[in-house]
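The values are calculated or read from the model by the stated rules, or taken from the named source; none is laboratory data. Keep in mind it's a predicted model, so treat the numbers as computed, not measured. Using ideal geometry, Cβ is built from the backbone for each residue, glycine included, and neighbour counts are taken over all protein chains shown. The protein model used for the area step is the full one, side chains on, heavy atoms only, and it has no ligands, DNA or RNA in it. Shrake-Rupley method; radii C 1.70, N 1.55, O 1.52, S 1.80 Å.
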Amino acid sequence: MSFRKFFSGKCGWAGLVALSLILFAGCSTNKSDSGKSYQMGADAKVGALTYNVVETEWADTLEGSMGPRIPQHRFLLVNLSVTNQSEQPVAVPLLNLIDAKGVEYRELDRGEGVASWLGILRQAMHEEPLTGKILF
């Protein structure tokens, strides 16, 4: 099941407008949640998880252990917080980004060069916010 979440806000780059939808995949089975939009900074509840996009930033390169990482176009780093409202630990899935033209981009599973990267295997514990950056 897929859920689209809108994030917007002051970021200093006009290009963010073109990359305005974030898709939370595999988090819930409630069809009534799909298609909802949320402003950056607002809580977006999907199943037991509550997402909050804190800020975004563009990067032309990232420094890795083997030199700079060069993207196809640019990297988009999304700083977010995820809180688990259930009593049990919940796995936080990789996310997808959908641009204004409907093109979907999968979250990168390699965070080398990203300070405070959330990681690929991430688990949210009961009411303990999981915070960090994800990369597209």
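Checking the structure you have, find out if any residue of the stretch 37-58 is more than 16 Å from residue 124 (Cβ to Cβ), crowded, with 19+ Cβ neighbours inside 10 Å, in contact with a Gly (Cβ under 7 Å, 6 or more places away or on another chain) and modelled with pLDDT under 90. Among the residues of the stretch 37-58, at least one is more than 16 Å from residue 124 (Cβ to Cβ), crowded, with 19+ Cβ neighbours inside 10 Å, in contact with a Gly (Cβ under 7 Å, 6 or more places away or on another chain) and modelled with pLDDT under 90, which makes the answer yes. Within the stretch 78-136, the set of residues being under 19 Å from residue 57 (Cβ atoms), over 12 Å from the mean Cα position of the chain (by Cα) and of a type in the set (Ser, Thr, Tyr) comprises just one member, 116.
Of the residues making up the stretch 74-108, those that are open to solvent by 30 Å² or more (accessible area, probe 1.4 Å), closer than 17 Å to residue 134 by Cα and not hydroxyl-bearing (Ser, Thr, Tyr) number 8. Take the stretch 91-110 and flag every residue that is small (Gly, Ala, Ser) and either at pLDDT 95 or above or in a strand (DSSP E or B) (or both). 91 - this is the single residue of the stretch 91-110 that is small (Gly, Ala, Ser) and either at pLDDT 95 or above or in a strand (DSSP E or B) (or both).
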